[in-house]
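Here's the structure, in structure tokens; my notes come after.
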Amino acid sequence: MAKVFNTVGCCEPELNYMVDLTGRLTEIKGMVDAGLYFTMNRARQFGKTTILTALAEYLKKDYETVYMDFQTMSSLAFESEQSFVAAFSEELLDLAEDLPDDIEKKLASFAWQTDGTSSLQTLFKVLKKWCAKAERKIVLIIDEVDAASNDQVFVDFLAQLRAYYLRRRKFPAFQSVILAGVYDVRSVRRKIRPDGEHMENSPWNIAARFDIDMSFSSDDIAGMLKEYEKDYHTGMDISLISEMIYAMTSGYPYLVSGMCKYLDEEIAGTEKFKDKKSAWTKEGVCEAERMLVKEDNTLYQSMIRKLKLYPKLRTVLYELLFTGRPIPYTATNDYMKDAVMFGFIRNEKDTAVVFNQIFESVLYNYFIAEEFASSELYKAGVQEKNQLLFPFVSQADYEWCREL
């Protein structure tokens with residue numbers, strides 16, 4: 001079965017063209033080896049599930065790894081402490097390998113709620129015993145924690161994790177815990193008691209920084225295209241094509257795969273691009289960019305929803321796109337943190353910039369359409385829009401590309 005470029009769900013090496021994740025997996029394993037607990041928060045469709053799936057497999061030779069997904073747990077699981085313990089225990093029974101008999105029996109009693117005393121406290125006592133008895137150290141990975149981040153029971157669960165982490169030198173505990181989602185779990189706040197200094201506390205303030213770059217470099221893209229080229233022998237200029245794709249996407253994984261998928265499946269074989277050889281060219285990449293900007297996909301839909309939910313985020317993006325005024329990148333500002341967290345902007349030489357040129361075009365189109373009634377804005381937007389695209393070519397080359 002021939003491999004394809006994938007833009008839906010987890011990528012699998014046997015089925016999909018992928019960048020080489022080995023370097024990233026090695027870096028993350030270094031954090032696990034150090035016994036760190038950390039959050040991996042990245043924007044939608046940024047390849048979190050793909051790298052977590054690969055990581056779970058990568059760690060198996062040294063650790064017992066449990067990879068959970070909170071999306072598989074229903075909303076009822078987060079309604080009460082007992083229902084959460086039951087759902088969490090049921091997931092562990094399905095996913096954990098070589099559970100000691102007494103641990104398995106106790107988790108089963110929680111899962112089936114035959115033990116009326118189940119609570120987070122009793123659950124963690126069982127987990128502590130499991131960590132003590134396990135032949136290898138245990139790594140817990142939980143994906144899609146956003147599904148639970150608004151629920152008090154999840155915050156209490158984080159607080160228990162924090163307590164066991166702080167006492168890990170005295171009591172058995174997980175080697176590492178990795179939580180993944182869009183939102184930074186370290187921002188979850190819980191009221192402890194009503195007096196000033198202790199009004200709020202983050203139960204996840206033990207979390208180490210996760211600074212590993214998950215976007216794709218032009219070299220990453222080139223490596224993926226080399227694998228594709230071995231199968232199809234298009235004669236493409238891999239260096240040029242990978243640099244163009246990177247310049248348009250800034251390595252955003254979904255957009256990289258989306259452009260490649262258009263080139264392989266939609267553009268090749270058309271009247272203008274007769275075959276794969278003619279598609280994988282500078283002209284073909286320009287066509288793929290246009291098609292991707294016009295797409296109505298869940299990533300763009302999610303971005304637009306965020307603009308409506310976070311007015312300050314909308315304001316900063318509007319300023320970046322229409323005024324041209326530089327905005328200093330300040331990581332302590334809430335709106336700046338939101339913009340980074342949702343993948344709208346990145347830090348470039350201490351200045352906030354829209355993450356990539358495709359997002360610039362999508363957002364420009366959205367703002368212009370939204371305020372179409374304002375003719376002055378519409379005219380200004382149309383005039384300025386052309387300047388957003390293709391900074392890696394001259395204006396003359398840009399005009400040539402747009403006329404294709």
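The values are calculated or read from the model by the stated rules, or taken from the named source; none is laboratory data. The structure displayed is predicted, hence computed values, not measured ones. Cβ coordinates were reconstructed from backbone atoms using ideal geometry, including for glycine residues, and neighbour counts include every protein chain displayed. In case anyone asks, the SASA skips ligands and DNA or RNA and just uses the protein heavy atoms, side chains included. Shrake-Rupley method; radii C 1.70, N 1.55, O 1.52, S 1.80 Å.
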(request) Would you mind working out the magnitude of the charge dipole of the chain relative to its Cα centre, with +1 at each Lys and Arg C-beta and -1 at each Asp and Glu C-beta, to the nearest 20 Debye? (result) 1300 debye
(message) Going Cα to Cα from residue 48, which aspartates and glutamates come in below 17 Å? Please leave out same-chain ones fewer than 8 positions away.
(response) 12, 20, 27, 57, 69, 143, 144, 146, 184, 211, 213, 220
(message) So, for the chain, what is the accessible surface per residue at a probe of 1.4 Å, expressed in square angstrom?
(response) 49 Å²
(request) Please report, as a whole percent, how much of the solvent-accessible surface of the chain comes from carbon and sulfur atoms (probe radius 1.4 Å). (result) 49 percent
(request) Can you tell me the 0 to 90 degree angle between the C-alpha axis of helix 48-59 and the longest principal axis of the chain, rounded to 10? (result) 50 degrees
(request) First select every other residue whose beta carbon is under 11 angstrom from the beta carbon of residue 7; then total the charges, Lys and Arg +1, Asp and Glu -1. (result) -1
(request) Pull up the cross-link candidates among the aspartates and glutamates for residue 312, meaning alpha carbon to alpha carbon under 16 Å and not fewer than 8 places away within one chain. (result) 334, 338
(message) Looking at the chain as a GNM with Cα springs under 10 Å, which of 232, 58, 364 has the largest mean-square fluctuation?
(response) 232
(request) Could you check which residue among 125, 349, 106 shows the biggest mean-square fluctuation in a GNM of the chain with a 10 Å Cα cutoff? (result) 349
(message) When a/c reaches 1.5 or more, the comparison of a/b and b/c decides; with that in mind, is segment 62-146 rounded, prolate or oblate per its Cα gyration tensor?
(response) oblate
(message) Which order do you get for 266, 371 if you rank them by accessible area with a 1.4 Å probe, largest at the top?
(response) 266, 371
(message) Through the Karplus equation 6.51 cos²θ - 1.76 cosθ + 1.60, θ set to phi - 60°, convert the phi angles of segment 253-258 into ³J(HN,Hα) values in whole Hz; use x for Gly and Pro.
(response) x, 4, 5, 4, 5, x
(request) Go through 215, 75 and list them by solvent-accessible area, largest first, probe radius 1.4 Å. (result) 75, 215
(request) Would you tally the net charge around residue 19, using a Cβ to Cβ cut-off of less than 14 Å, leaving residue 19 out, and scoring K and R as +1, D and E as -1? (result) -3
(request) With everything on Cα atoms, drop me the angle between helix 218-232 and the longest principal axis of the chain, reported from 0 to 90° to the nearest 10. (result) 80 degrees
(request) Holding the Cα-Cα limit at 18 Å, pick out from 3/29; 29/60; 60/106; 61/226 the pairs that are longer than that. (result) 3/29; 60/106; 61/226
(message) Below 8 Å between Cα atoms, with a sequence gap of 6+, how large is the relative contact order for segment 1-122 in percent?
(response) 18 percent
(request) List the residues whose amide H sits under 5 Å from the amide H of residue 206, counting only those 5 or more places along or on another chain, with H placed 1.01 Å from N in the peptide plane. (result) none
(request) Could you work out the relative contact order of the chain, using alpha carbon pairs under 8 angstrom and six or more residues apart, expressed as a whole percent? (result) 16 percent
(request) Starting from the Cα coordinates of segment 111-162, work out the convex hull volume and express it per residue in Å³. (result) 116 Å³
(request) Compute the acute angle (0 to 90°) between the alpha-carbon long axis of helix 282-294 and the principal axis of greatest extent of the alpha-carbon atoms of the chain; round to the nearest 10°. (result) 60 degrees
(message) How would segment 93-132 be classified by its alpha-carbon gyration tensor: rounded, prolate or oblate, with rounded meaning a/c under 1.5 and the a/b versus b/c comparison settling the rest?
(response) oblate
(request) Choose one answer from 119, 242, 217: the residue with the largest mean-square fluctuation in a GNM of the chain with alpha-carbon springs under 10 Å. (result) 119
(request) For segment 24-84, state the average projected area of the convex hull of the C-alpha atoms over all orientations, rounded to one decimal in nm². (result) 5.5 nm²
(message) Less than 9 Å Cβ to Cβ from residue 280, Lys/Arg counted +1 and Asp/Glu -1: what total charge do the surrounding residues give?
(response) -1
